[in-house]
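Since the structure comes first, as structure tokens, the remarks are kept for the end.
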Amino acid sequence: MERLRCVVVGAGPSPAPEEDLEYRSASTNAEAEALVVGWEADAVVVDLSSAGSLDTVADLATAHPEVPVVVVAPLDAMPEAVRHGACGLVRPEAARAGLGRAVRDAVARHRRVREALQRAVLRPLVRLRELIPSDGNPEGVLRRLAEVARAGLGADRAAAVALDPRAPDLAVALAEGRSAAVRERFWTLVPQRLADAEPPPAQGGPVLTATLGVADQTLGALTVARALGRRGFDPVQQELLDVLGILGALPLLQVELLRELRRSNQNLIDALAYACELHEASLRGHSERLASYAVAIGRRLGFGDGALENLRVAGMLHDVGKIGISDRILLKPGPLTPEEYEAVKRHAAMGAEILSAAGFPEDVVRWVLHHHERWDGRGYPASLRGEDIPLGARVLAVADAYEVMTTGRVYRGPLLPGQALEELERERGRQFDPQAVDAFRDALAGGEVRRDSLDA
Ligand SMILES: [Fe+2]
């Protein structure tokens, strides 16, 4: 059996000793508070007929809402004691026999209420984990936030509204209904047309609104409404909605940060790719087309989203090492001398070094390093053979060859797509990984290669 600890303020009654109750006396409020904290008391008894006063009751109930206060008071003083925060009451003449029971009842009731309140508050907060954006899309976050607020506050409708920082659009997510059959809707509208949004059918009923944002970053608002005639929201629910508004803003800010990070990464990639293509007018768009071919092959080979993104980046930057090679060699119309060819071959390793120093993912660096290896082992820089060559690098080799053949170079005109494909087939199993060639052929046949890439 749990042994309850009880602080008695003032002289107090002399309760009958009981096994599951332990009493300690405090002569002042300060002493009582010290015992509540230091002894981890479960309840406090204030005897109004001895040293205790209603102020003592109010002070302790306010300072320690986690501990119930049981008041020993005559019948006529009981309503006032309750108003001051008493959780349990016992008459002085019944205190000796009945105090133990009053304390046990007050502690049990107090715990039940506290647990119910904690559950009501915590359940919606726990559900906030659903808000973590997996797809970098704020719509999913807003939809779930509206639903969490609706369910967590027992509302009939909830709306999460956020301003898109990049456009004059408001994103609106609405959840409505009270049972499992909750309808969710999502739309965007420009703020000037906000008045055109449908008026909520729960108009006139209780409404709560909280800011969706943190510190000085206000992203929007979170509103919940109950139908006309239903009970209003209580102060704890207002606080809960405020907390949802703060915590719900975090994943939205995360989405925005991710977008910004991607944007600045993309700017760096574009700048580097542009720098590579500056050498030669005929190279314009080469990296971008190559990257789209590589992604089409990678998709056929079952690359996941992250690997496809790495493939796109590696495709954009595969020849970044050419920045370090003289134009005299790169733009030479005739055949290269053996020394010049050796200099050109260094672009693969130089590119990998540049990308590694710039902090690009390891796969991107490895694939760029090996994009001139051949399936038969006669490539460079490491003369790797077959599956020893990283798969991404084998994909880049096929995409690179096709792009070069179909756009031509200063020393050779372009081939038609069919002719270039025939050439890839001829080198299937010699220069190129057979499965990468097959995947590209299938992707072309399936129309999975962007037309603008082919037409460029
Ligand atoms: Fe290259």
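The values are calculated or read from the model by the stated rules, or taken from the named source; none is laboratory data. If you're wondering where the values come from, they're calculated on a predicted model, not measured in any experiment. Cβ sites come from the backbone with ideal geometry, for glycine too, and all protein chains shown count toward neighbours.
Let's see how each residue does on (1) under 30 Å from LEU330 (Cα atoms); (2) surrounded by 14 or more Cβ atoms within 10 Å (Cβ to Cβ); (3) of a type in the set (D, E, K, R):
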site: LEU222; (1), (2), (3): no, yes, no
site: ALA225; (1), (2), (3): no, yes, no
site: VAL236; (1), (2), (3): no, no, no
site: LEU258; (1), (2), (3): no, no, no
site: ASN267; (1), (2), (3): yes, no, no
site: ALA271; (1), (2), (3): yes, no, no
site: LEU290; (1), (2), (3): yes, yes, no
site: TYR293; (1), (2), (3): yes, yes, no
site: ILE297; (1), (2), (3): yes, yes, no
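With respect to the conditions (1) within 14 Å of the ligand (Cβ to nearest atom); (2) more than 24 Å from ILE269 (Cβ to Cβ); (3) part of a helix (DSSP H, G or I), LEU355 falls short on a single one, namely (2). Using the structure shown, decide if VAL395 is of a type in the set (Val, Ile, Thr), within 22 Å of ALA273 (Cα to Cα) and either surrounded by fewer than 16 Cβ atoms within 10 Å (Cβ to Cβ) or touching a Ser or Thr at 6+ places or on another chain (Cβ under 6 Å) (or both). No.
Can you name every residue in segment 49-71 that is over 21 Å from ALA108 (Cα atoms) and buried (at least 22 other Cβ atoms within 10 Å of the Cβ)?
Hits for segment 49-71 are GLY52, THR56.
Only one entry in LEU336, LEU330 is within 16 Å of the ligand (Cβ to nearest atom), in contact with a helix residue (DSSP H, G or I) (Cβ under 8 Å, 6 or more places away or on another chain) and over 21 Å from ALA275 (Cβ atoms), namely LEU336.
Just one of ALA397, ALA382 is within 16 Å of the ligand (Cβ to nearest atom), assigned to a helix (DSSP H, G or I) and either in the same structural domain as VAL365 (by TED's automatic domain parsing) or under 42 Å from the mean Cα position of the chain (by Cα) (or both); which is it?
ALA397
Within segment 143-161, residues that are free of Cβ contacts under 8 Å to residues at least 60 places away in the same chain sit with their Cβ atoms under 6 Å from residues that are surrounded by fewer than 23 Cβ atoms within 10 Å (Cβ to Cβ), at 6+ positions apart or across chains, in these pairs: ARG143/GLU184; ARG143/PHE186; ARG144/GLU130; ARG144/LEU131. Of all the numbered requirements in (1) under 25 Å from GLU448 (Cα atoms); (2) within 11 Å of the ligand (Cβ to nearest atom), ALA294 misses one, and that requirement is (2). If you go through segment 252-279 and pick out every residue that is closer than 23 Å to GLN217 by Cβ and not in a helix (DSSP H, G or I), you end up with 0. Examine segment 121-128 for a residue that is at negative phi and either in contact with a strand residue (DSSP E or B) (Cβ under 7 Å, 6 or more places away or on another chain) or acidic (Asp, Glu) (or both), and state whether such a residue exists. Looking through segment 121-128, none of the residues is at negative phi and either in contact with a strand residue (DSSP E or B) (Cβ under 7 Å, 6 or more places away or on another chain) or acidic (Asp, Glu) (or both).
Looking only at segment 201-220, residues that are surrounded by 16 or more Cβ atoms within 10 Å (Cβ to Cβ), assigned to a loop (DSSP other than H, G, I, E, B) and of a type in the set (A, V, I, L, M) come to 1 in all.
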